[in-house]
Amino acid sequence: MSLQINVQFLGSPGGVLLHKLKLDISAGQVHTLMGESGSGKSSLLAAVCGTLDAALRFEGTVHLDGRRIDSVPTQARRVGILFQDDLLFPHMTVRENLLFALPRGDAAGREAQVRQALRDVEMADSLQADPATLSGGQRARVALARALLAQPQALLLDEPFSRLDAALRARMRALVFGMVQVRGIPALLVTHDAEDIADPACVTRIESAG
C-alpha cells in the first residue's frame, strides 16, 4: 500500500498555493508536511481526499496502491482524515457516532466493529458515553476510532494533536503512529510542531508559491 501525490498546480486563478511537489509515502509510513500558514498544506489534504474548495483548482495526480483516485468521488477514495477538531456529533453517544461512520449492513457485525474500534484506542468503557462528558484526549481517541472504522487505505492528519497538552499529545501521537504501522497504511501529517515528526527522513517543508 502506498500513496503517491504529484502536484503540478494547486491554487486559484488569482494565486498559486503549491506547484511542482511530489510525495511518495509507503505503507506504515508517516510523512510530515510543514510550512507557514497559507502555504497550501490543508488544501493539499483536501485535494487528496476530494473535499477541495470549489474556488481552488488542483492539477496533478493522486495514486493510492497503484489506483488513481483524484478523479473519483470522495466516498470511493478510501482516504480517512483526522482534524484538530474531533467533529463528534454532540447529540449522539460515542456508540452512535461510530455507527454513523459505518455503512449499512448486518447489525450485529456493525456493533462488533464499533466495540473493537473502541478497544483499539483503549476506550472500551465509553460505548454509551455522551461526548460532552469526555476529556479532549478521549474525544480525540473516539475521532481516531471513527476514522479507522471505514478501513481507510490512507490516512491524512491535519494537525490532530495541536489542541492537546504536551503529555497527552505525546500519547496520542504514539497511538496514531502505532495504528498506522499496525494497519500498514500510508499517512500524511500536517503540523507546525517539529516534535510531531515521526521520521526526520520523511519530512517535506513547503513555502507559499504565491
task = Looking for whichever is exposed (fewer than 15 other Cβ atoms within 10 Å of the Cβ), in contact with a Ser or Thr (Cβ under 9 Å, 6 or more places away or on another chain) and either farther than 30 Å from Ser37 by Cα or free of Cβ contacts under 8 Å to residues at least 60 places away in the same chain (or both) here; the options are Asp106, Asp130, Asp165. Which one fits?
result = Asp130
Qualifying position, being touching a residue at least 40 places away in the same chain (Cβ under 8 Å) and on the phi > 0 side of the Ramachandran plot, among Gly50, Gly80, Gly38 = Gly38
ask   = Of the conditions (1) farther than 26 Å from Leu3 by Cα; (2) charged (D, E, K, R); (3) at pLDDT 95 or above, Arg104 fails just one. Which one is it?
value = (3)
request  = Could you figure out which of (1) crowded, with 18+ Cβ neighbours inside 10 Å; (2) at positive phi isn't true of Glu122?
outcome  = (1)
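So which strands (runs of 3 or more DSSP E) stay within region 1-65 end to end and still have 3 or more residues that are closer than 30 Å to Val182 by Cα?
Values: elements: 2-12, 15-18, 21-26, 30-35, 57-64.
Here the list reads 2-12, 21-26, 30-35, 57-64.
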remark   = In region 73-89, anything surrounded by fewer than 16 Cβ atoms within 10 Å (Cβ to Cβ), out of contact with any helix residue (DSSP H, G or I) (no Cβ under 8 Å at 6 or more places or on another chain) and in a loop (DSSP other than H, G, I, E, B) is listed as Pro73, Asp85
inquiry  = Go through (1) touching a strand residue (DSSP E or B) at 6+ places or on another chain (Cβ under 8 Å); (2) at pLDDT below 90 for Ala143 and report which single condition fails.
reply    = (2)
inquiry  = Checking Ser208 against (1) at pLDDT below 90; (2) closer than 30 Å to Gly66 by Cβ; (3) surrounded by 15 or more Cβ atoms within 10 Å (Cβ to Cβ), only one condition comes out false. Which one?
reply    = (2)
task = Considering each of Val182, Val190, Val203 in turn, give the residue that is among the aliphatic types (A, V, I, L, M) and exposed (fewer than 13 other Cβ atoms within 10 Å of the Cβ).
result = Val182
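Which residue out of Thr32, Thr61, Thr133 is at pLDDT 95 or above, out of contact with any strand residue (DSSP E or B) (no Cβ under 7 Å at 6 or more places or on another chain) and not small (Gly, Ala, Ser)?
Values: Thr32 fails: out of contact with any strand residue (DSSP E or B) (no Cβ under 7 Å at 6 or more places or on another chain); Thr61 fails: out of contact with any strand residue (DSSP E or B) (no Cβ under 7 Å at 6 or more places or on another chain).
Just one listed residue meets the conditions, Thr133.
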inquiry  = Suppose we keep only residues that are among the hydroxyl-bearing types (Ser, Thr, Tyr) and more than 20 Å from Ala27 (Cβ to Cβ) within region 158-210. Which one would you say is farthest from the chain's Cα centre (by Cα)?
reply    = Ser208
note = Scanning region 51-72 residue by residue, the ones that are farther than 13 Å from Gln4 by Cα and either surrounded by 18 or more Cβ atoms within 10 Å (Cβ to Cβ) or outside the structural domain of Leu18 (by TED's automatic domain parsing) (or both) total 2
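The values are calculated or read from the model by the stated rules, or taken from the named source; none is laboratory data. Quantities reported herein were computed from a predicted structural model and do not represent experimental measurements. Every residue, glycine as well, gets a Cβ built from its backbone with ideal geometry; the counts of neighbours run over all protein chains shown.
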